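The values are calculated or read from the model by the stated rules, or taken from the named source; none is laboratory data. Remember, predicted model here, so these are calculated numbers, not experimental data. Here the Cβ is made from the backbone with ideal geometry for all residues, glycine too, and neighbour counts use every protein chain on show. The protein model used for the area step is the full one, side chains on, heavy atoms only, and it has no ligands, DNA or RNA in it. Shrake-Rupley method; radii C 1.70, N 1.55, O 1.52, S 1.80 Å.
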Amino acid sequence: QVQLVESGGGLVQPGGSLRLSCACSGFTFKMIAMNWYRQAPGKERELVAGITMAGGTNYADSVKGRFTISRDNAKNTVYLQMNSLKPEDTAVYYCNANLWPTSRWGQGTQVTVSS
């Protein structure tokens with residue numbers, strides 16, 4: 001069955017860095033576009049970054065220049081490198097696979113940016 005398992009979240013000080021990972025199984029990873037979303041308390045889930053199967057990327061304006069999405073098709077894993085973290089980046093981060101007919105989600109990993 002399809003599984004997406006995020007890891008790498010935690011508590012970090014403002015200005016710090018974290019790298020999130022999402023290990024995938026149960027589908028042909030290299031053929032699927034992947035995304036990272038986040039949801040802060042009291043807010044709607046929002047798209048943070050996406051990567052196509054060809055490696056093209058897109059980012060939310062709020063994270064451009066600070067976050068980098070990448071993928072390793074040999075490891076069936078997508079990453080989100082987050083630098084220069086701000087308190088407003090605090091949220092649960094979710095991995096998403098653009099599967100048809102229904103996209104699939106991981107369980108989420110908490111990122112807290114606080115001094």
Got a number for residues in region 76-102 being touching a residue at least 40 places away in the same chain (Cβ under 8 Å) and in a loop (DSSP other than H, G, I, E, B)? 8
Selection from region 39-88 of residues hydrophobic (A, V, I, L, M, F, W, C) and open to solvent by 30 Å² or more (accessible area, probe 1.4 Å) yields 47, 53, 54, 74
Looking for something on the phi > 0 side of the Ramachandran plot, part of a loop (DSSP other than H, G, I, E, B) and either open to solvent by 70 Å² or more (accessible area, probe 1.4 Å) or modelled with pLDDT under 95 (or both) - is there at least one such residue anywhere in region 3-17? no
Every residue from region 79-108 that is among the hydroxyl-bearing types (Ser, Thr, Tyr), at negative phi, modelled with pLDDT of 95 or more and more than 11 Å from the chain's Cα centre (by Cα): 90
Going by what's in this entry, would residue 111 be described as under 10 Å from the mean Cα position of the chain (by Cα) and either part of a strand (DSSP E or B) or more than 15 Å from residue 3 (Cα to Cα) (or both)? no
Counting just the residues of region 37-75 that are hydroxyl-bearing (Ser, Thr, Tyr) and part of a strand (DSSP E or B), which one comes out nearest to residue 17 (Cα to Cα)? 68
Quickly run through region 23-54 and pick out the residues that are touching a strand residue (DSSP E or B) at 6+ places or on another chain (Cβ under 7 Å) and of a type in the set (Gly, Ala, Ser). 23, 25, 26, 33, 40, 49, 50
